[in-house]
Number of protein chains: 2
Amino acid sequence: MSRMIMYYRSALLLLAFLLVTGCQGLAPRATGDLGLVIERATGSVQIIDTSSRSALARIEGLGDLSHASVVYSRDERYAYVFGRDGGLTKIDMLLQRIDRRIIQSGNSIGGAISQDGSLIAVSNYEPGGVKIFDAQTLELVADIPAIGENGKRSKVVGLVDAPQKQFVFSLYEADEIWVADMRQPTQPQITRYRDVGKQPYDALISGEGRYYIAGLFGEDGLALLDLWQPQAGVKQILGDYGRGEEKLPVYKMPHLEGWAMAGDYALVPAVGGHEVLVIDRSNWQLVKRIPVHSQPVFVMASPDQRHVWVNFAHPDNDTIQVIDVASLEVIDTLKPGPAVLHMEFTPRGHEVWVSVRDANRVRVYDAYTRQEITSLEMASPSGIFFTNRAHRIGL
Amino acid sequence: MSRMIMYYRSALLLLAFLLVTGCQGLAPRATGDLGLVIERATGSVQIIDTSSRSALARIEGLGDLSHASVVYSRDERYAYVFGRDGGLTKIDMLLQRIDRRIIQSGNSIGGAISQDGSLIAVSNYEPGGVKIFDAQTLELVADIPAIGENGKRSKVVGLVDAPQKQFVFSLYEADEIWVADMRQPTQPQITRYRDVGKQPYDALISGEGRYYIAGLFGEDGLALLDLWQPQAGVKQILGDYGRGEEKLPVYKMPHLEGWAMAGDYALVPAVGGHEVLVIDRSNWQLVKRIPVHSQPVFVMASPDQRHVWVNFAHPDNDTIQVIDVASLEVIDTLKPGPAVLHMEFTPRGHEVWVSVRDANRVRVYDAYTRQEITSLEMASPSGIFFTNRAHRIGL
């Protein structure tokens with residue numbers, strides 16, 4: 001008798017324990033205010049909550065995360081982390097664990113998610129090309145080797161998503177831009193633009209998904225493709241943009257995806273120079289050069305387009321400057337600490353998160369007073385990516 | 001003995017049941033692809049999932065939902081539904097139930113959530129004013145009676161959020177626009193703009209939160225406040241915009257929040273006329289009049305700004321027309337059915353959800369082929385609101 005009671009009592013306790021802990025582990029929480037911080041040196045990421053300004057969990061085992069970037073599923077539950085070593089890791093932000101992980105190539109440089117959220121594209125250096133995966137299963141759907149007109153396989157850079165289930169990317173050695181129409185996922189329809197300029201090295205797409213702009217490493221100027229007029233082909237714009245006649249020493253080629261589209265202007269980092277360039281978006285002409293602290297890397301507009309925050313290349317990378325878009329002048333200089341690598345605005349722009357790698361901290365600033373609100377300890381933080389990117393084109 | 005065993009057995013079964021059903025009810029799910037559809041006639045809403053294109057739950061008891069609108073908490077978990085009868089209902093999208101509900105006035109007309117997500121503002125007709133609530137608890141934080149220079153209490157319309165924790169709204173009888181700075185929530189700082197034009201009846205704010213534009217019922221033209229230059233005051237623009245000399249019969253004053261900002265243009269519904277007006281945003285001048293099916297109500301740009309979808313006033317409200325922004329011409333006419341009341345694009349614009357009230361259906365269209373993908377049965381559906389609005393200014 002007493003044995004049976006003991007049996008029941010144990011089972012009861014176990015179930016009660018499961019009920020409390022199991023359901024606690026699954027306590028409902030939403031995903032609109034989450035994000036990931038890349039911890040490059042340790043191959044880990046931290047899931048952060050921008051409402052409580054806290055770290056929720058560290059996830060390890062993501063491989064080489066130099067130059068890593070992140071996109072999100074359309075429900076904001078899953079993060080896709082693109083590693084430098086060809087690793088593609090799908091993270092479950094709610095269960096705080098790796099959902100799936102594959103090594104899809106030897107050397108990769110970023111990715112994108114299709115407009116409908118069904119496909120993940122990864123751009124690869126080695127072997128050069130784009131691979132397309134099912135977003136749920138990470139099974140290979142299509143493989144697009146980047147063989148240009150020169151017959152050689154090229155590194156792929158500047159991969160972005162575009163409306164109508166397209167991906168757009170550039171072939172570094174082939175001087176080409178390709179548009180892949182993925183409406184039939186297993187049969188990509190490729191449109192190739194040749195001789196777009198020498199060595200496209202990175203690209204961006206404007207927020208509405210219309211203008212694809214590639215930077216050129218091998219010559220000055222930029223390559224522009226208007227996706228509303230694809231038949232017009234690729235045009236070169238801003239002939240002065242680049243390293244110039246003298247081939248200025250460039251400590252870090254600026255990221256193009258950091259271009260700030262604010263009002264009528266695009267604010268872009270000069271290559272090599274200590275300037276942010278202001279370009280009129282209606283004719284892509286240079287309007288003004290704004291002198292800044294050093295060589296700019298990311299030039300990021302706030303969601304209200306009122307300010308542009310700029311970080312800088314080594315060795316002057318302890319600084320952020322803030323440009324007022326109305327006056328096109330620097331209005332503030334911050335010193336977050338050694339190696340300011342990335343900035344991310346909260347979705348509606350009330351705060352800015354800043355990774356300060358060599359201080360092992362992510363600092364959170366009020367976007368308007370520019371006072372530090374708090375900071376979080378992170379291991380060599382680099383990229384910061386919030387889930388609201390799920391809802392935006394070209395990120 | 002057997003009684004004790006029976007006791008334990010019952011408790012065991014109960015706990016096992018709780019474990020299975022309780023945790024099932026709490027199965028983790030994200031919130032980035034959710035939305036609400038207003039069922040006006042029955043005072044209910046349905047929670048929908050735009051990934052599976054399905055309805056998840058109906059929530060009842062929300063009172064009078066004519067002209068209801070919705071904003072979302074910054075984590076995309078809670079919806080705030082503003083009812084016509086002064087009801088403010090906070091819905092938990094994950095637990096699929098009413099979290100809190102108050103009757104905050106006798107007659108209200110919409111609301112907004114502050115940039116940081118901490119405050120909910122509601123604009124009221126009776127008594128005229130704005131009430132500000134704590135977003136978590138729905139406790140009253142501030143009460144702003146709308147007493148204009150004429151000394152009388154005015155109906156409040158066109159309430160929107162703006163950057164730096166501001167709310168902007170218009171006083172219908174007092175011909176005023178007010179900006180409330182809520183950085184000290186219990187002590188709103190109000191800036192009043194007087195004589196902005198006769199009877200502002202609705203308003204919008206541009207996507208970056210810079211331009212507040214109010215429509216005028218009592219005269220032609222629009223009132224424009226540039227929040228980057230508040231000291232410049234309110235200007236009247238588009239002097240021809242309105243009902244005109246002849247005071248055309250207007251079956252429904254068009255919604256201003258349906259204005260489409262696409263590229264360099266704003267596309268706006270003509271008042272009374274069978275036209276969509278194209279306005280150059282750089283100087284607010286009329287560029288073109290596009291003839292359309294009937295009197296337009298909502299004129300909504302797709303997230304890629306490539307197309308503008310237009311619905312129409314009674315009795316011609318069985319139709320949608322689609323304008324191509326590149327050519328500024330109507331390129332398609334759809335007939336979703338009787339009483340097309342609202343349209344909502346998925347966040348990156350691959351699909352459009354359309355409420356067809358008198359068919360008791362919400363139809364889901366491919367935004368590009370414009371083919372119907374599926375439809376959902378709903379009771380007299382009107383407004384459709386997706387959670388990605390949480391991340392946008394002025395919605």
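The values are calculated or read from the model by the stated rules, or taken from the named source; none is laboratory data. The shown structure was predicted, so the numbers you read here are calculated from the model rather than taken from an experiment. Heads up, the Cβs are rebuilt from the backbone with ideal geometry, glycines too, and the neighbour counts pull from every protein chain shown. These area figures cover heavy atoms from the full protein model, side chains too; ligands, DNA and RNA do not enter into them. Shrake-Rupley method; radii C 1.70, N 1.55, O 1.52, S 1.80 Å.
Observations on the structure shown:
- In the protein assembly as shown, helical runs assigned H by DSSP with n ≥ 4 each contribute -39500 (n - 2.57); averaged across all residues and rounded to the nearest 500, the mean residue ellipticity at 222 nm is -2000 deg cm²/dmol.
- Proximal charge balance of A:ALA146 [Cβ under 15 Å; K/R count +1, D/E count -1]: 0
- For the stretch A:148-225 and the stretch A:324-395, distance of Cα centres in Å: 29
- Taking every protein chain into account, the 1.4 Å probe leaves B:SER382 with about 10 Å² of accessible area, to the nearest ten.
- Amide hydrogen proximity for B:GLU275: with H placed 1.01 Å from N in the peptide plane, the residues at 5 or more positions away or on another chain lying under 5 Å are B:ALA270, B:VAL292.
- Applying a DSSP loop filter and a limit of 16 other Cβ atoms within 10 Å to the trypsin sites (Lys or Arg not before Pro) in the stretch A:133-187 leaves A:LYS152, A:ARG183.
- Sequence-separation-based contact order of chain A, relative, with Cα cut under 8 Å and 6+ spacing, percent: 11
- Per residue, the average separation of C-alpha pairs within less than 8 Å and at least 6 apart gives the stretch A:330-370 a relative contact order of 33 percent.
- Rounded to whole Å, the principal axis extents of the Cα atoms in the stretch A:254-395 read 44, 35, 27, largest first.
- Taken about its Cα centre, the stretch A:261-320 carries a charge dipole of about 140 debye when Lys and Arg each add +1 at the Cβ and Asp and Glu each add -1 at the Cβ.
- Applying 1/(1 + (r/R0)^6) with r as the Cβ-Cβ distance of B:ALA41 and B:ILE190 and R0 = 41 angstrom yields a FRET efficiency of 0.60.
- Local charge for B:ARG40 was computed over the other residues whose Cβ lies under 11 Å away, with Lys and Arg +1 and Asp and Glu -1, and equals 0.
- Once the Cα-Cα distance is subtracted from the 0.36 nm per residue extended length, the A:ARG183 to A:LYS235 segment shows a gain of 16.1 nm.
- Gaussian network model of chain B, Cα within-10 Å springs - most flexible of B:PRO28, B:PRO269, B:PRO336: B:PRO28
- Length available on full extension from A:ASP134 to A:SER66: 0.36 nm per residue minus the Cα-Cα distance, which gives 22.1 nm.
- ³J(HN,Hα) computed for each position of the stretch A:159-176 - Karplus, 6.51 cos²θ - 1.76 cosθ + 1.60, integer Hz, glycine/proline x: 7, 9, 8, 9, x, 6, 6, 10, 10, 10, 7, 10, 9, 4, 7, 9, 6, 10
- The mean number of partner chain beta-carbon atoms within 10 angstrom of a residue's beta-carbon across peptide B:385-395 is 5.
- Computed E for A:ARG370/B:ASP143 - FRET, C-beta separation, R0 30 angstrom, nearest 0.05: 0.40
- Rounded to the nearest 20 debye, dipole of the protein assembly as shown from Cβ charges on Lys, Arg, Asp, Glu: 2260
- Taking amide H atoms as placed 1.01 Å from N in the peptide plane, the amide H of B:GLY383 lies under 5 Å from those of B:ILE38, each 5 or more residues away in sequence or on another chain.
- Global form of the stretch B:138-259, assessed from the alpha-carbon gyration tensor, a/c cut-off 1.5: prolate
- Normalised by the number of residues in the stretch B:109-182, the mean separation of alpha-carbon contacts (under 8 Å, six or more apart) gives a relative contact order of 26 percent.
- Rounded to whole Hz, the Karplus (6.51, -1.76, 1.60) HN-Hα couplings of the stretch B:298-304, x for glycine and proline: 9, 10, 10, 7, 5, x, 8
- Shape class for chain B, computed from the alpha carbon gyration tensor (a ≥ b ≥ c): oblate, with a/c not under 1.5 and a/b at or below b/c.
- Projecting the Cα atoms of B:GLN231, B:PRO338, B:ASN283 onto the dipole axis of the stretch B:214-354, where Lys and Arg carry +1 and Asp and Glu carry -1 at the beta carbon, places B:GLN231 farthest toward the positive end.
- Backbone phi angles across the stretch B:386-394, fed through the Karplus curve with coefficients 6.51, -1.76 and 1.60 (θ = phi - 60°), yield HN-Hα couplings of 9, 5, 5, 4, 3, 9, 10, 7, x Hz in residue order; Gly and Pro are listed as x.
- The alpha carbon gyration tensor of the stretch A:194-321 gives principal lengths a ≥ b ≥ c with a/c of 1.5 or higher and a/b no greater than b/c, which makes the shape oblate.
- Local charge for A:ILE205 was computed over the other residues whose Cβ lies under 13 Å away, with Lys and Arg +1 and Asp and Glu -1, and equals -3.
- Amide H to amide H, with H built 1.01 Å from N, A:LEU56 comes under 5 Å of A:ILE47, A:ILE48, A:ASP49, counting only residues 5 or more places away or on other chains.
- A:GLU126 paired with B:ASP85, simple spin-label distance in nm, labels 7 Å along Cα-to-beta-carbon: 6.9
- Counting, for every residue in B:69-81, the Cβ atoms of other protein chains within 10 Å of its Cβ and taking the mean gives 4.
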